[in-house]
1. Run down LEU265, LEU306, LEU276 and say which single residue is in contact with a helix residue (DSSP H, G or I) (Cβ under 6 Å, 6 or more places away or on another chain), closer than 30 Å to TRP159 by Cβ, crowded, with 22+ Cβ neighbours inside 10 Å and outside the structural domain of ALA68 (by TED's automatic domain parsing).
2. For segment 166-180: of the residues being among the basic types (Lys, Arg) and in a helix (DSSP H, G or I), which is farthest from VAL207 (Cα to Cα)?
3. If the requirement is being within 14 Å of ALA19 (Cα to Cα) and touching an Asp or Glu at 6+ places or on another chain (Cβ under 7 Å), which of these qualifies: LEU73, LEU51?
4. Within segment 220-249, count every residue that is of a type in the set (A, V, I, L, M) and within 15 Å of LEU181 (Cα to Cα).
5. Among the residues of segment 140-157, is any surrounded by 15 or more Cβ atoms within 10 Å (Cβ to Cβ) and in a helix (DSSP H, G or I)?
6. Out of the residues in segment 142-186 that are under 23 Å from the mean Cα position of the chain (by Cα) and aliphatic (A, V, I, L, M), state the one that is modelled with the lowest pLDDT.
7. Go through segment 244-329 and tell me which helices (runs of 4 or more DSSP H), entirely inside it, have 3 or more residues that are within 28 Å of ALA219 (Cα to Cα).
8. Tell me, yes or no, whether segment 51-73 has at least one residue that is in contact with a His (Cβ under 7 Å, 6 or more places away or on another chain), at pLDDT below 95 and not polar (S, T, N, Q).
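The values are calculated or read from the model by the stated rules, or taken from the named source; none is laboratory data. Only a predicted model underlies this, so the values are computations on that prediction, with no experimental measurement involved. Reconstructed Cβ throughout: ideal geometry from the backbone, glycine too, with neighbour counts over all protein chains shown.
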Amino acid sequence: MSDTVVVGLDVGGTSTRAAAVSLDGIRLGTGRAGGGNPTSHGADRAAVELLAALRAALADVDPTRVRAGVIGLAGAGRILADPGGRAAFDRAWSDAGLRCPYAVHGDALVAYASGTAAPDGTVLIAGTGAIAAQVRDLRLDRTADGHGWLLGDAGSGFWLGREAVRRLLSDLDRADLPGELARRVLAELTGSTEVATRPRATAEAVVQAVTRRPPVELARLAPLVVTAARAGEATAQALIGEAAMLLAENVARIRPPGAADPVVLGGGLLTGDTPLAAAVRAELARRWPDAPLHPAGDGAAAAAWLAARDLPEVTDPAALHALLVPATA
């Protein structure tokens with residue numbers, strides 16, 4: 001077994017995952033903690049979760065064996081530009097017993113590396129938010145969207161939830177009988193599928209239910225759209241089709257026509273067997289027929305690979321990727 005260990009962390013808004021691996025592909029430890037994104041939770045709280053995940057991953061590992069580490073998170077530039085935030089992460093790293101350097105990369109790069117070892121390509125992520133990024137020499141080169149729910153994130157879970165509510169309100173404005181998706185959204189927001197004798201009253205109740213919650217919680221309605229589309233509901237299928245076109249357009253802003261390098265698909269809406277994943281794959285295949293499509297995989301393992309690939313003893317990064325990052329079907 002190789003004596004050299006690398007550590008990778010995939011830091012999200014709801015969970016933090018860590019992996020400690022040796023250079024011969026042995027998974028020595030894993031850790032999981034709560035959301036560690038400093039933008040969502042503040043740097044100090046994020047550092048607490050980072051430390052918890054690190055300690056779990058290193059429970060059976062001598063931290064002096066760790067030669068390098070990578071932390072992947074959304075908004076990496078903000079933590080790097082904030083001396084207080086970087087200091088909090090430095091303390092967590094040191095408190096875990098680590099003395100090696102670490103790098104901070106954006107979550108889009110880590111998602112890309114979880115799907116392929118190719119140095120150049122594109123990653124498209126759609127979960128609560130949405131972003132497309134072009135990768136050059138395993139560095140983020142250009143991005144499209146990822147502007148947040150207020151100004152962008154077209155085709156995301158937030159977008160699907162908001163558009164589903166808009167369709168419901170449109171039905172109520174016309175005094176039309178809500179369709180299946182609209183009834184599901186109505187029940188989720190108000191607890192009932194009943195429409196008042198005066199539809200405007202029901203519309204006002206829907207608006208109040210939405211505005212009482214943080215706006216981003218509209219993303220919680222996205223699974224209703226996905227489920228309804230899978231069952232063949234017309235409005236839901238139309239929303240899925242529109243979302244797929246918007247996501248593909250984001251890719252088109254940064255990816256040259258005819259490009260044949262890989263595209264990695266990440267985020268809960270584009271991994272697994274979802275109607276949106278299928279629609280996006282079809283649209284990307286139509287626009288870039290020669291480009292292989294890969295699902296994103298284990299982000300913590302990919303972060304560990306990014307940490308390892310620049311070590312002097314690593315002479316074949318692609319072969320190391322096959323060892324460290326589990327293939328995803």
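1. Values: LEU265 fails: in contact with a helix residue (DSSP H, G or I) (Cβ under 6 Å, 6 or more places away or on another chain); LEU306 fails: outside the structural domain of ALA68 (by TED's automatic domain parsing).
Answer to the check: LEU276.
2. Of all residues in segment 166-180, those among the basic types (Lys, Arg) come to 166-167, 174.
From the residues that got through so far, the ones that are in a helix (DSSP H, G or I) too are 166-167.
Working: ARG166: 10, ARG167: 13 Å.
Result: ARG167.
3. On the way: LEU73 fails: within 14 Å of ALA19 (Cα to Cα).
Step by step, each of LEU73, LEU51 is checked, and only LEU51 is within 14 Å of ALA19 (Cα to Cα) and touching an Asp or Glu at 6+ places or on another chain (Cβ under 7 Å).
4. Step one: list which residues in segment 220-249 are of a type in the set (A, V, I, L, M), which gives 221-222, 224-226, 228-229, 231, 234, 236, 238-240, 243-248.
From the residues that got through so far, the ones that are within 15 Å of LEU181 (Cα to Cα) too are 221-222, 224-226, 228-229, 231, 234, 236, 238-240.
Adding up the residues that qualify gives 13.
5. Within segment 140-157 (the criterion being surrounded by 15 or more Cβ atoms within 10 Å (Cβ to Cβ) and in a helix (DSSP H, G or I)), the answer is yes, since at least one residue qualifies.
6. Filtering segment 142-186 for residues that are under 23 Å from the mean Cα position of the chain (by Cα) and aliphatic (A, V, I, L, M), the one modelled with the lowest pLDDT comes out as LEU150.
7. Working: elements: 275-287, 299-308, 317-324.
Answer list for segment 244-329: 275-287, 299-308.
8. From segment 51-73, those in contact with a His (Cβ under 7 Å, 6 or more places away or on another chain) are 70, 72; that's our starting set.
Those still in the list that are at pLDDT below 95 too: 72.
Filter once more, so that each one left must be not polar (S, T, N, Q): 72.
Scanning segment 51-73, I find at least one residue that is in contact with a His (Cβ under 7 Å, 6 or more places away or on another chain), at pLDDT below 95 and not polar (S, T, N, Q), so the answer is yes.
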